[in-house]
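In what follows, a single structure is set out as structure tokens and then discussed.
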Amino acid sequence: MVEPVKIIDEGEDSVSIEWSDGIESNFAARRLRVACPCAGCINEWTGEKMLKDDSVPDDVKISHISVVGRYALNFHFSDGHETGIFSFRYLREIDGN
């Protein structure tokens, strides 16, 4: 399992993660908001995406980042959304590295 060795808060617009295999990922705020895995954005039973991408403002910001245990991050977004738990595994998957 690849793990983060450094999480870099790049301000309101993005966050970067340096992984244990040397890869660095950068996630823009809107990209994270659109990819939110919470039950309000993804149907828990079917896996169907409920969130409409065009409902997320282009200028959405990251207001706050919290570490969840040793396995995830929680982002608080400027549109008031804050229920998504982004596991490190999920973050690596959506980065594509």
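We did not get these values from a lab; they are worked out from the coordinates using the rules stated. Remember, predicted model here, so these are calculated numbers, not experimental data. Here Cβ is always computed from backbone atoms with ideal geometry, including for glycine, and neighbour counts include all displayed protein chains.
Just checking the listed ones, Asn26, Asn43, Asn74: in the Gaussian network model of the chain with Cα springs under 10 Å, the one fluctuating most is Asn43. Restricting attention to the chain, give the cysteines that have no other cysteine Cβ less than 4.7 angstrom from their Cβ. Here Cys38 come out as lacking a disulfide-compatible partner, given the Cβ-Cβ threshold of under 4.7 Å.
A full extension of the chain between Asp59 and Ser16 corresponds to an added length of 13.7 nm, given 0.36 nm per residue minus the alpha carbon distance. Scanning the chain for GluC sites (Glu not before Pro) in DSSP loops with at most 16 neighbouring Cβ atoms within 10 Å leaves 49-81 as the longest stretch between them. Can you list which of the chymotrypsin sites (Phe, Trp or Tyr not before Pro) found in region 1-94 are DSSP loop residues with at most 16 other C-beta atoms within 10 Å? Within region 1-94, the qualifying chymotrypsin sites (Phe, Trp or Tyr not before Pro) (loop, at most 16 other Cβ atoms within 10 Å) are Trp45, Tyr71.
Within region 62-97, list the trypsin sites (Lys or Arg not before Pro) lying in a DSSP loop whose Cβ has at most 12 other Cβ atoms in a 10 Å radius. For trypsin sites (Lys or Arg not before Pro) across region 62-97 that sit outside H, G, I, E and B with at most 12 neighbouring Cβ atoms in 10 Å, the list reads Arg70. Which of (i) 177; (ii) 99; (iii) 164 is the computed volume of the Cα convex hull per residue in Å³ for the structure on display? Read-out from the structure maps to (ii).
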